[in-house]
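Before any comments, here is the structure.
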Amino acid sequence: MNNSNNEISIGSVDKRVSMITGDPKKAIRALSIPMIISMLLMMAYNLADSIWVAGLGPNSLAALGFITPLFMMVIGLGNGLGAGANSLISRCIGANNKKGSDNAAIHSLILTLILSAMLTVFILIFLKDILLAMGAGASLNLAIQYGQIVFGGLIFLIFSSVASGILRAEGDVKRPMYAMAATAILNIILDPIFIYYFGLGVSGAAIATVISATISSALILYWLLLKRDTYVSLSRKDFHASWNVIKDILGVGLPASAEFFVMSILGIVVNIMLVMTGGTDAVAVYTAGWRVVMIAMIPAIGIGTAAITIAGAAYGSRKYGNISIALNYSSKLAIGIASITGLIIYVFASSIASIFAYSPESAFMAPSIASFLQVMCLFLIVVPLGISASSVFQGMGKGLTSLILTVIREVLFISVFAYLMAFTLGLGEHGIWWGIVIGGAFGCGIAYIWASRYIKGLKRSYYKQDTSKSRISSGE
């Protein structure tokens, strides 16, 4: 019986590995669907926080808005380290280096424990000062209450992202989806209980989030350490301390994390500009509307995450043509889905906005939220170009290039256009919305062109080397 189970497990692992090293289009479709479902579930419980907290009034919802950029930095660190592990492990798989995959997985988990402990201490010490610098104002105490609890459980938020990245590297995307499903369902159930039944308000929403993240981490730990039916092995004999492995993981992980940091800084800058143009009500509108935009972006992010694995395996095996296919196919597929999603949001913007304005305290925000969503529909169509380009660079281990592209998009284009349109042209908070759209279009377009040219260069270089070797072997 045990031999039969082992054969099934080995067969499943071999099938996953063959998939990520085979047809890029088929692999992207197969990998992206569970990833999209996982991310939708994750956003569902984040959205549940916003919906339930919205019933407490605009100050409570704005408190979540001020914590969100910091929360995204934490999630960014987890996703960044997960991307670093994903990239290195998938490249090792492409190069048929099993020991390298195992060692990379163990190093990534050790880095997770160290970095999450350091970050937890830092955030809890300076949380109040950070929120004051962001202009939290009337929402300060509520934001502190929420933030202290959420960031106290930071290690679970980061660990689940990194461990999921390890599983995705070998083509196993279903089990991270199962873990996220359990997390989302639990959070949605616990939110109203802690917020209203126990009367804990925003603190209750934070408690529900931490409990849910803990459950997700426990499930993935079970699969990796107890069930042991994965391609990578996590045991002491598989670990060999190596600064080169650490540098390789962080070479992708830190720039990828820094990308979220840059985007979070942009979120802080946007919040400050919104406070200057429309007060905390403008922040509440943006917070509610942006949650919907993030949900609509999930297909593009899921497809891009799949491209990391495919590009990594192709780069490790020097199948550079597959990297080009991954970039182009992931972009086209994501843009097609985004176009349909954007049209639906545009038509039903008012109905969607009413979800966040169901109480007397928040009803006045509905028209503004609807207007925001209709403007952001254009942003949804262009953003897949940037996501796919960054994902492909991360898969190839070029994390710094991906970071540079993000800085260009967020700093040079989005923040500058938002400022110009809000203050120079005097369009106020609506100008900030349009600045995000126009700046995003420029930044994502440049990223896609950059990635396309880089991959063409790889193919030309490899072709020249291959031609030279052929001539030498034939005696020319």
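The values are calculated or read from the model by the stated rules, or taken from the named source; none is laboratory data. Keep in mind that what you see is a predicted model, and the values were worked out from it rather than measured. Neighbour counts are summed over all protein chains in view; Cβ atoms, including those assigned to glycine, are modelled from backbone coordinates with ideal geometry. The accessibility values were calculated without ligands, DNA or RNA, using every heavy atom of the protein model including side chains. Shrake-Rupley method; radii C 1.70, N 1.55, O 1.52, S 1.80 Å.
Of note:
- Checking each residue in segment 141-174 for being outside any helix (DSSP H, G or I) and in contact with a Leu (Cβ under 7 Å, 6 or more places away or on another chain) picks out GLY171, VAL173.
- Segment 218-252: number of residues that are under 22 Å from MET180 (Cα atoms), in a helix (DSSP H, G or I) and in contact (Cβ under 8 Å) with a residue 40 or more places away in the chain: 5
- Annotation: of all residues in segment 142-178 being open to solvent by 50 Å² or more (accessible area, probe 1.4 Å) and modelled with pLDDT under 90, the one that is nearest to GLY65 (Cα to Cα) is TYR178.
- Segment 133-146 residues that are among the small types (Gly, Ala, Ser), paired with ones that are at pLDDT below 80 and open to solvent by 30 Å² or more (accessible area, probe 1.4 Å) (beta carbon under 7 Å, 6 or more apart): GLY137/THR280; ALA138/THR280; SER139/THR280
- Residue within segment 118-133 that is over 20 Å from PHE393 (Cα atoms), among the charged types (D, E, K, R), in a helix (DSSP H, G or I) and modelled with pLDDT under 90 present: no
- Residue count for segment 98-127 satisfying the condition of being open to solvent by 30 Å² or more (accessible area, probe 1.4 Å) and farther than 21 Å from VAL173 by Cα: 13.
- Condition check for ALA206: within 20 Å of LEU119 (Cβ to Cβ) and either over 18 Å from the mean Cα position of the chain (by Cα) or not in a helix (DSSP H, G or I) (or both): yes
- The residue list SER330, SER354, SER350, SER339 contains one member that is in contact (Cβ under 8 Å) with a residue 40 or more places away in the chain, among the polar types (S, T, N, Q) and either under 29 Å from GLY57 (Cα atoms) or open to solvent by less than 30 Å² (accessible area, probe 1.4 Å) (or both), which is SER330.
- Every residue from segment 277-323 that is closer than 18 Å to LEU88 by Cβ, open to solvent by 30 Å² or more (accessible area, probe 1.4 Å) and small (Gly, Ala, Ser): SER317
- Complete set of residues in segment 392-403 that are in a helix (DSSP H, G or I) and open to solvent by 10 Å² or more (accessible area, probe 1.4 Å): GLN394, LEU400, THR401, LEU403
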